[in-house]
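Okay, so here's the structure we're looking at.
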Amino acid sequence: MSTLQADPFPARLLAWFDISGRHDLPWQHPRSPYRVWLSEIMLQQTQVKTAAPYFERFVAALPTLPDLAAAPLDDVLALWSGLGYYARARNLHAAAKRCVELHGGDLPRDLDALTALPGIGRSTAAAIASQAWGERCAILDGNVKRVLTRYHGIDGYPGLPAVEKKLWTLAEDHVDRAQLPPLRMADYTQAQMDLGATLCTRADPACVICPVQDDCVARREGRVAELPTPKPGKTPPQKYAHVLWAEDGDGRILLQRRPPSGIWASLWTLPQAEDDALAQDWFRQHLTGDYARAQVLAPIDHAFSHYKLQLQPLRWRGTALRSRIGDNDDLRWVARAELGAIGIPAPIRKLLETSVREP
């Protein structure tokens with residue numbers, strides 16, 4: 001009996017993948033280190049169907065790592081605009097610059113060097129190495145955590161260090177016992193992610209057609225709905241803010257650059273204030289006109305990973321910046337036709353796009 005046959009998990013998973021796996025993803029053709037890296041970063045917080053068109057636009061504009069490194073951050077954020085979790089784009093840009101400085105414009109093949117780059121953790125580095133170069137590396141993203149938790153019947157929230165350590169050991173054991181050739185490591189990596197994304201889903205998993213159902217502890221013990229153990233409940237706090245939508249006589253919209261850290265860092269957005277008093281102060285310091293004549297628009301609800309935010313948009317037409325303010329690096333008038341080329345947070349872009357056609 002071969003080593004591969006001794007561990008049914010990789011063998012059955014690969015047999016399923018060859019027939020039912022995803023083989024036509026845009027980053028697979030061609031599968032270069034740069035394209036694999038970009039796809040892995042996009043997929044950290046995003047589903048394939050959402051990430052795919054962003055990926056294609058991104059590589060069309062910036063086809064190589066040196067192109068990404070040389071691009072202005074504003075251009076990178078504009079390509080990312082709407083995809084969310086913008087720290088990924090900033091880290092991607094910073095990592096590209098570091099690769100040009102330290103690695104000759106290429107991604108390093110060494111795992112330690114990969115994980116030293118901004119935005120690349122242990123699992124992402126392993127996914128890049130296995131798919132780009134066929135390295136024998138275990139991955140442990142959210143999909144794989146769910147699969148292994150059910151397959152091995154692991155109790156405890158997978159985000160806890162002790163549980164995660166156990167799952168890493170199991171993931172590495174599968175790779176070690178399988179002894180897959182380099183040409184199959186990319187398939188095995190993709191197969192694990194595909195299984196979690198298409199069959200072993202969080203809700204309503206398709207156990208009846210799962211290729212590893214015969215050995216799955218959760219299915220055998222009737223615990224599929226219980227695993228993975230949910231994260232301990234915690235109600236996210238609710239926050240509120242005002243956003244100031246000012247237009248000048250030409251219909252241009254006033255945008256302000258966010259600080260380089262924090263929520264929506266370095267993106268362009270409508271000026272924001274925590275309450276009405278601060279909004280009035282900002283308006284009077286920066287704009288001409290009557291604050292009380294604002295058009296009050298419908299509130300916008302947006303959820304971040306650690307809190308909920310409700311934005312109250314206020315709109316003025318025919319305003320102007322006070323002479324002592326003027327356009328500057330962090331405050332600028334933008335024509336409506338130019339909004340698509342600027343990195344703008346998704347809820348603000350939606351607000352502008354849905355209301356910008358109003359007379």
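Selection of the stretch 294-317 for residues being in contact with a strand residue (DSSP E or B) (Cβ under 7 Å, 6 or more places away or on another chain), open to solvent by less than 70 Å² (accessible area, probe 1.4 Å), touching a residue at least 24 places away in the same chain (Cβ under 8 Å) and farther than 12 Å from Phe283 by Cα yields Leu297, Ile300, His302, Tyr307, Leu309, Gln310, Leu311, Gln312, Pro313.
The residue that is farthest from Ala162 (Cα to Cα), among those in the stretch 228-237 that are loosely packed, with under 11 Cβ neighbours inside 10 Å and of a type outside the set (Val, Ile, Thr), is Pro237. For the stretch 145-167, a residue qualifies if it is under 23 Å from the mean Cα position of the chain (by Cα) and small (Gly, Ala, Ser), and exactly one does: Gly159. Taken as a whole, the stretch 224-235 holds at least one residue that is in contact with a Cys (Cβ under 7 Å, 6 or more places away or on another chain), assigned to a loop (DSSP other than H, G, I, E, B) and at pLDDT 95 or above. Of the residues in the stretch 110-131, none is under 29 Å from Arg258 (Cβ atoms), of a type in the set (Asp, Glu) and surrounded by fewer than 22 Cβ atoms within 10 Å (Cβ to Cβ). If I filter the stretch 274-281 for residues that are assigned to a loop (DSSP other than H, G, I, E, B) and closer than 23 Å to Gly343 by Cα, do I get at least one hit? Within the stretch 274-281 (the criterion being assigned to a loop (DSSP other than H, G, I, E, B) and closer than 23 Å to Gly343 by Cα), the answer is yes, since at least one residue qualifies. Restricting attention to the stretch 290-343, the residues that are out of contact with any helix residue (DSSP H, G or I) (no Cβ under 8 Å at 6 or more places or on another chain), closer than 19 Å to Asp276 by Cα and of a type in the set (Phe, Trp, Tyr) add up to 0.
When the test is whether a residue is at positive phi and in contact (Cβ under 8 Å) with a residue 60 or more places away in the chain, Gly159 does not pass it. Is there a residue in the stretch 61-77 that is more than 23 Å from Ala87 (Cβ to Cβ) and free of Cβ contacts under 8 Å to residues at least 60 places away in the same chain? The answer is yes; a qualifying residue exists. Among the residues of the stretch 173-180, none qualifies, meaning not one is closer than 30 Å to Phe304 by Cβ, in a loop (DSSP other than H, G, I, E, B), open to solvent by 30 Å² or more (accessible area, probe 1.4 Å) and touching a residue at least 12 places away in the same chain (Cβ under 8 Å). Given the structure, is Asp187 in a helix (DSSP H, G or I) and of a type outside the set (Phe, Trp, Tyr)? Yes.
The set of residues in the stretch 293-309 being in a strand (DSSP E or B) and either of a type in the set (Lys, Arg) or under 18 Å from Gly262 (Cβ atoms) (or both) consists of His302, Ala303, Lys308, Leu309. Of all the residues in the stretch 255-269, those that are open to solvent by less than 50 Å² (accessible area, probe 1.4 Å), in a loop (DSSP other than H, G, I, E, B) and of a type outside the set (S, T, N, Q) number 4. Within the stretch 23-37, the only residue that satisfies the criterion of being open to solvent by less than 40 Å² (accessible area, probe 1.4 Å), in a loop (DSSP other than H, G, I, E, B) and within 14 Å of Ala52 (Cα to Cα) is Leu25.
Number of residues in the stretch 199-227 that are surrounded by fewer than 15 Cβ atoms within 10 Å (Cβ to Cβ) and β-branched (Val, Ile, Thr) equals 3.
The stretch 50-143 holds helices (runs of 4 or more DSSP H) entirely within its bounds, and those carrying 1 or more residues that are under 16 Å from the mean Cα position of the chain (by Cα) map to 73-80, 87-102, 122-133. Exactly one residue out of Val217, Val163 is at pLDDT 95 or above, farther than 30 Å from Ala273 by Cα and in contact with a His (Cβ under 7 Å, 6 or more places away or on another chain): that is Val217. Pairs linking a residue in the stretch 219-245 that is within 19 Å of Tyr157 (Cβ to Cβ) to a residue that is surrounded by 14 or more Cβ atoms within 10 Å (Cβ to Cβ) and among the polar types (S, T, N, Q), with Cβ atoms under 8 Å and 6 or more positions apart or on different chains, are Leu227/Thr149; Pro228/Thr149; Thr229/Thr149.
The values are calculated or read from the model by the stated rules, or taken from the named source; none is laboratory data. No experiment lies behind these values; they were computed from the predicted model shown. Glycine gets a Cβ as well: all are built from the backbone with ideal geometry, and neighbour counts include every protein chain shown. Note: areas computed on protein heavy atoms with side chains; ligands, DNA, RNA excluded. Shrake-Rupley method; radii C 1.70, N 1.55, O 1.52, S 1.80 Å.
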